[in-house]
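Working notes, structure below.
The values are calculated or read from the model by the stated rules, or taken from the named source; none is laboratory data. Quick caveat: nothing in here was measured; it's all calculated off a predicted structure. Please note: Cβ atoms are built from the backbone with ideal geometry, for glycine as well, and neighbour counts cover all protein chains shown.
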Amino acid sequence: MRSLTLIGLMLFSMLAQAVVYKWVDKDGKVHYSDEPQPNAQIVELKDKTLNQISLPLPKTDMDDANQAIESIQYQVDITSPSEEETVRNNNGDFEVVATITPELKGQYLMAIKLDGKPIGQPQIGNVFQLKNIDRGQHTLVVDAMTQNGKVFASSPPRKIFLHQATKR
């Protein structure tokens with residue numbers, strides 16, 4: 001029984017092999033077929049021949065806006081708190097305000113990093129409410145980015161100190 005199954009599989013695999021014929025008609029036009037024709041030659045096919053087609057992605061209005069943003073040199077500055085300012089808040093809450101110049105038309109996102117780590121999600125707007133931050137020295141950086149998340153400008157690092165009164 002095993003022998004019959006093995007022979008059947010071998011015959012089936014031989015039938016599954018595609019044979020392609022190539023011939024030229026009286027007008028000089030080249031034809032290909034899986035059926036033999038007079039004066040046709042068998043075409044040798046390579047195993048694992050892959051046809052790959054890559055199409056460019058369609059251009060969107062957002063792509064144009066991103067290119068316009070990236071072609072201009074923007075500058076992000078943190079306006080509040082000031083450099084080496086001591087922020088006093090026992091809950092560890094404070095506000096960070098940033099500006100971007102030249103003024104940017106259209107939608108863009110801003111994100112804040114505290115000590116090199118992103119805080120929250122990128123947002124539309126330049127005012128950040130930080131909550132429950134531990135006391136001590138911290139470094140702030142604000143990034144401006146396109147809608148697809150590509151950073152096109154960053155503020156210089158801003159060192160601040162968060163002071164929380166000791167409870168007795």
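Some points to look at:
- Residue ID - surrounded by the fewest Cβ atoms within 10 Å (Cβ to Cβ), chosen from residues in the stretch 101-116 that are of a type outside the set (A, V, I, L, M) and modelled with pLDDT under 85: Glu103
- Restricting attention to the stretch 123-168, the residues being in a strand (DSSP E or B) and among the polar types (S, T, N, Q) number 5.
- Taking the listed residues Phe161, Phe128, Phe152, the one that is farther than 13 Å from Ser80 by Cα and either at pLDDT 90 or above or not assigned by TED's automatic domain parsing to the domain that holds Thr79 (or both) is Phe152, with no other qualifying.
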